[in-house]
1. Looking for whichever is in contact (Cβ under 8 Å) with a residue 60 or more places away in the chain and of a type in the set (S, T, N, Q) here; the options are S182, S135. Which one fits?
2. Being assigned to a helix (DSSP H, G or I), at pLDDT 95 or above and under 22 Å from W227 (Cβ atoms): is that true of A168 here?
3. Yes or no: L198 at pLDDT 95 or above and in contact with a Ser or Thr (Cβ under 9 Å, 6 or more places away or on another chain)?
4. Would a scan of segment 98-115 turn up a residue that is among the charged types (D, E, K, R), modelled with pLDDT of 95 or more and closer than 22 Å to A215 by Cα?
5. Collect the residues in segment 170-186 that are out of contact with any Asp or Glu (no Cβ under 6 Å at 6 or more places or on another chain) and over 16 Å from V136 (Cβ atoms), keeping them in residue-number order.
6. If you go through segment 216-235 one residue at a time, do you hit one that is surrounded by fewer than 20 Cβ atoms within 10 Å (Cβ to Cβ), closer than 30 Å to D129 by Cβ, hydroxyl-bearing (S, T, Y) and free of Cβ contacts under 8 Å to residues at least 12 places away in the same chain?
7. Among the residues of segment 98-118 satisfying the criterion of being surrounded by 16 or more Cβ atoms within 10 Å (Cβ to Cβ) and assigned to a loop (DSSP other than H, G, I, E, B), which is farthest from the chain's Cα centre (by Cα)?
8. Restricting the search to segment 151-170, which residues are in contact with a Phe, Trp or Tyr (Cβ under 8 Å, 6 or more places away or on another chain) and of a type outside the set (S, T, Y)?
Amino acid sequence: MHHKVSVDLERLRLGLQQPTTQFSDSNINRTGISSVTTLTMLTIPLSQYFTQIPNMTTTKPILVVLGATGVQGGSVISHFLSQLPCPYVLRGVTRDPASPKAVSLAERGVQMVMANFGDPASLDAAFSDATAIFSVTDFWQGFHHPSCRKEAAASGQSIGAFMRDYEAQHNKNIIDAAAKVSTLERFIFSGLPDTTRLSGGKYPHVYHFASKGIAEDYGKVAHPKLWEKTSVLYAGFYLENQLGPAGVLFRPKLVRSGKA
């Protein structure tokens, strides 16, 4: 089954001519989860989301990409590296600049900087002088990490509930840091809807949605000026998920009569 990015593409452009309003809850069916049918993000060129910012000086604008070595952030980096000349100074944010993926990007001209989403000071440094920021976090990386599981057990929470709060706080830190950048003209927040709130509590355990939805609601209230120049992207299910080790959980299975 294909999926579609449930956003208005025209509202995701990075043009400077007029501010872009963030994704609105009006597209969410409040009696359920979503009224929008989805297509894979891979079918939509990234140029739909970003317009080249005119280079009015000899210095290119800075595009900061979180999750630069991951799927979403990596696709943004790859798109702009494919443009010659690249319209931006690309700055990739990673926890480990010495990792093979980070080194490979650095060799291709990307400024790779170290930052930890749990360390606001490191985010301030990573966002310095940014013109645009693409923000994405990975719920599942922490979900499977032994240290997070140990902390969850010590707190008496399930790993899902612990990661909901953990990722929500990381996204709040990112939003707080972005709000302080005086040069920022566009903030792109890769989020997901808060299914607990939108379902009236019917679906309280979709933690990887709730974590990002909580942070989005926080950004709207805590930083309205930032949200005036924010685009919220709801990405669909990656087709790569069908091909990875866990793909067996998602791929359709042929069932013959009486046999699975």
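1. Numbers: S182 fails: in contact (Cβ under 8 Å) with a residue 60 or more places away in the chain.
Testing whether each residue is in contact (Cβ under 8 Å) with a residue 60 or more places away in the chain and of a type in the set (S, T, N, Q) leaves just S135.
2. Criteria met by A168.
3. Numbers: at pLDDT 95 or above: no; in contact with a Ser or Thr (Cβ under 9 Å, 6 or more places away or on another chain): yes.
No.
4. Step one: filter segment 98-115 for residues among the charged types (D, E, K, R), giving 101, 107-108.
Still in the list and also modelled with pLDDT of 95 or more: 101, 107-108.
Going one step further and asking which of them are closer than 22 Å to A215 by Cα, we end up with none.
Within segment 98-115, not a single residue is among the charged types (D, E, K, R), modelled with pLDDT of 95 or more and closer than 22 Å to A215 by Cα.
5. Once the filter is applied, which keeps residues that are out of contact with any Asp or Glu (no Cβ under 6 Å at 6 or more places or on another chain) and over 16 Å from V136 (Cβ atoms), segment 170-186 yields D176, A179, K180, V181, S182, L184, E185.
6. no
7. Filtering first and then ranking leaves V110.
8. Within segment 151-170, the subset in contact with a Phe, Trp or Tyr (Cβ under 8 Å, 6 or more places away or on another chain) is 151-152, 155, 159-161, 163-164, 167-168, 170.
Answer for segment 151-170, where residues must be in contact with a Phe, Trp or Tyr (Cβ under 8 Å, 6 or more places away or on another chain) and of a type outside the set (S, T, Y): E151, A152, I159, G160, A161, M163, R164, E167, A168, H170.
The values are calculated or read from the model by the stated rules, or taken from the named source; none is laboratory data. Every value quoted in this text rests on a predicted model; they were computed, and no experiment measured them. Every residue, glycine as well, gets a Cβ built from its backbone with ideal geometry; the counts of neighbours run over all protein chains shown.
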